[in-house]
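First the structure, in the form of structure tokens, and then the observations on it.
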Amino acid sequence: MPRPIFDYIDGAADDEVTHRRNTQAFEGCDFVPNVLRGVEKVDLSVTVMGQKLALPVYCSPTALQRLFHHDGERAVAAAAAKYGTMFGVSALGTVGIEELRRAHETSQIYQLHFYKDRGLNRAMLQRAKDAGVEILMLTVDSITAGNRERDLRTGFSIPLGLTLAGMLRFALKPRCRSPFSTVRAWASTPGSMRAGSRVTTTSSTVGQKPS
């Protein structure tokens, strides 16, 4: 995997202090077993946001999945359906929400970032509604993009502006999916360039299949 993509997945903002603290907090959690209990009928099901799930976990939205796996959201959706849980599709998804909704009956989340362009927000919500998405997940902590220093060093950002070092990393991994093809697919979507928001070049194409 090219280093810019690895850093995008593995990295965080600034000195990544919060990232380390979150990891440490998660590592401090333990499963507490129930002993001397019947195991003939084990039921792990829970109800989350009105959806009955067979497992007490679900797959949260993750952006740009086809950059680091050729199936991307298709694989996540299939796994969620197999195990009876739900999955989320990011506003920066790389597989169409309609395609995923047709392929799997399991509950589906759509992640919405709220943009200055209100028309864009309405269009994204309507598209998710028309596709039959059951749950809306509103992201409220990304008004300002994080200062992701690793990404800035390689130029793996929005808009994409790979540095020479970043391009070299991709050149050394020729079998990996190029980020240029994904960004080109976003940018070529009609109406993708909207005034008043510096991120709508990508976000407005939610659900569009990359070339």
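Bear in mind these aren't lab numbers, they're just calculated from the coordinates by the rules spelled out. Just so you know, these numbers come straight off a predicted model, no measurement behind them. Quick reminder, even Gly has a Cβ in these numbers, built from the backbone with ideal geometry, and neighbours come from all protein chains shown.
Students often check this: by mean Cβ neighbours within 10 Å, which of 135-145, 113-123 ranks highest, and how do the rest follow?
Per-residue Cβ counts within 10 Å, averaged per peptide and sorted highest first, yield 113-123, 135-145.
Where does the charge balance sit around ALA78 when Lys and Arg score +1, Asp and Glu -1, over other residues with C-beta under 15 Å from its C-beta?
Charge balance near ALA78 sits at +1.
With labels modelled as points extended 7 Å from the Cα through the Cβ direction, what inter-label distance (nm, one decimal) is found for ARG21 paired with ILE9?
Here the modelled spin labels are 2.7 nm apart.
Once both labels are modelled 7 Å past Cα along the beta-carbon direction, what's the THR144-HIS70 spacing in nm?
With each label point 7 Å from Cα toward Cβ, the separation is 4.2 nm.
Give, in nm to one decimal, the length gained when the segment between GLU98 and LEU168 is fully stretched (0.36 nm per residue of separation minus the Cα-Cα distance).
Here the segment from GLU98 to LEU168 would lengthen by 21.6 nm.
Please list, in order, the residues from the range 61-88 whose amide nitrogen is less than 11 Å from a point placed 7 Å along the Cα→Cβ vector of LEU44.
83-85
Report the far tail of the P(r) of the range 44-143, meaning the percent of Cα-Cα pairs longer than 18 Å.
45 percent
Using the per-residue mean of other Cβ atoms lying within 10 Å as a proxy for protection, in what order, highest first, do the peptides 31-41, 73-83 fall?
With the highest mean Cβ count within 10 Å placed first, the list reads 73-83, 31-41.
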